[in-house]
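One structure below.
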Amino acid sequence: MPKAGIIGPFWLVLALTAALSGCDSRQGAAEALAERQSSGDSQASGTISGNATRGQQIAQEKCGACHGADGNGGPDPHVPKLAGQSLPYLYWEIRAFKEGTRKSDIMAPNVTALAYEDIADVATYFSQQTRKPDEQINESRVAEGQSLFYSRMPSCAMCHTSDTGRGMPMRGMMGGGMMGGGMGGMMGPGTTANVPNLAGQRAAYVVDQLNRFASGERQGTVMNRMAASLDDADRQAIADFLSSTP
């Protein structure tokens, strides 16, 4: 398997620029955190935890039709799998939809009425499910996607590691909006980036989000540049590789 290369000057400059530009946003996040704590948001700080049994009940009512009862996807391939996703990532993404910082005409009505404890329960349930990778028939495209994922610079694997022990060498520097919401990582107030697990994710969803980052519809300092540097064939190859990765 190809290995990610040495971190180059471009990546260091990008990380430092994002860290500096994030100062104001971190101050705003701290103020938002204080407001949420004073309003009774028990999940605003500390370790996120929830009740998976209760989360399953909420998920069946609110999420199952689109994301699948166990989070492995419904009928629309453009809707992401939630099974096996990181707990902090799920929690902060759902909160972003609830609070309007991430926009979706479909998600907003389903999560607006959820309490923060409900969100923690749902996130806990889905994070404990096993994600099932998709079957792939285009082996050459999967191989090309694997090469792009690990070998291009900056490497996708530096953040979105697809196996244990790879990626995220600069995780502690990725606070304050460097990665952006969604695929690029959703930051909670005062936290470092929670970069999503993309292994086994639906290819159509990955391509769709890469296209949104490339066009600027979704914002993230790293992801906008990374996605824009890929052509359509590259995005599809990376998506096919990720969707077939257990």
For this session: Mind pulling up the Rg/Rh value for region 41-127? Radius of gyration and Kirkwood radius, both on Cα.
Result: 0.93
Exercise. Applying 1/(1 + (r/R0)^6) with R0 = 41 Å to the Cβ-Cβ distance of S49 and D234, what FRET efficiency is obtained, to the nearest 0.05?
Worked result: 0.60
Exercise. In nm, to one decimal, how far is the D76 label point from the T130 one, both placed 7 Å along Cα→Cβ?
Worked result: 2.9
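Every number here is computed from the coordinates shown, using simple stated rules; none is lab data. Just so it is clear, the structure is predicted and the values come from calculations on it, not from any experiment. Positions of Cβ are generated from backbone atoms using ideal geometry, with glycine treated the same way; all protein chains shown enter the neighbour counts.
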